[in-house]
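Accompanying notes for the structure given below.
Here, each number is a calculation from the coordinates, and none is a lab measurement. Model, not experiment: these values are computed from the prediction. No Cβ is skipped: glycine too gets one built from the backbone with ideal geometry, and neighbour counts run over all protein chains shown.
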Amino acid sequence: MTRTVVYEQPLNERIRTFLRLEFLFRQAAHTLGGTSEWDTRSSISSLLAILEILSRADIKTELLKELERQQTSLGRWRNQPAVDLQHLDGLLDKLAAYQERLHGNTAQLGHALRDTELLSGLRQRQTTPGGTCEFDLPVYHHWLQQPAMERNAIVLDWYSQLEDVRGPVALVLDLVRQSTKPSRQRAERGFYQSALDTTQPYQMLRVLLPSDAQFFAEISAGRHRFTVRFLQPQANARPVQISEDTDFLLACCAL
């Protein structure tokens, strides 16, 4: 089976933020548990980026709103024929459980981690290119010399304190992605345009291409319409739009 590459475009600021958080958590998962100093550095760098997002936006409020909205949307399916009620109830229970945990957390998400002495010092140096190297932060250099098992235990504990963010974000995005099956479309001379029904709660656009395609998708979207251009990379110039018609899979995700 040919592997596919997915290009996603968020259609509102809430989903845009959730996608960035998901990206950072997935990036961290790749190096968490690694034994080298560079694995630990990478995991902590992702953690600091997550904390930066949490400090700029009221993620808790946005998550609670989205969890409530999805519960309402999914609840409407209860009386539809051929619905797997056991699966539906399981999803509703998960959404409600995350909502309850967020309500029970009275502090700002990530607040305790931001007050951690080591992470606080790292955050101050993070905006300086190379600002966390040995001579800038000898305390960090010293800390990284601990046995890998000890470092990993500490970093994993830090990430566990953000599970109230990672868990609901992952579930919300998974439900959005599964809300619509991709349909086959054709882009004439590498260009596709379509209108968006403003009465539908569209959250995300997804374009699926085979992994061996020699071009990529560039998606632009507004409130009423969106376009997809298929561009071919150039060695030393800007990408150019392909000239031939091409088929692709498109999912306009609404939940």
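Key figures
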read-out	value
Per-residue Cβ neighbour rank within 10 angstrom, fewest leading, 120, 243	243, 120
Selection of GluC sites (Glu not before Pro), the range 1-96, meeting DSSP coil and at most 16 other Cβ within 10 Å	none
For the range 181-254, alpha-carbon Rg and Dmax in angstrom	13.0, 44
Distance between the range 144-171 and the range 12-60 - C-alpha centres, whole angstrom	11 Å
Fluctuation leader among 129, 168, 138 - the chain, Gaussian network, Cα springs under 10 angstrom	129
Calculated [θ] (222 nm, deg cm²/dmol) that DSSP helices of n ≥ 4 give over the chain, each run adding -39,500 (n - 2.57)	-16000 deg cm²/dmol
Neighbour-limited loop hits for chymotrypsin sites (Phe, Trp or Tyr not before Pro), the range 104-161 (at most 13 other Cβ within 10 Å; DSSP other than H, G, I, E, B)	135
Cβ charges +1 (Lys, Arg) and -1 (Asp, Glu), total dipole of the chain, debye	760 debye
From the coordinates shown, log10 I(q)/I(0) by the Debye sum over Cα atoms at q = 0.07, 0.08, 0.15 Å⁻¹ corresponds to which of (1) -0.33, -0.43, -1.16; (2) -0.22, -0.28, -1.00; (3) -0.25, -0.33, -1.12	(1)
Exposed trypsin sites (Lys or Arg not before Pro) absent: longest stretch of the chain, with sites in DSSP loops and at most 13 other Cβ within 10 Å deemed exposed	4-188
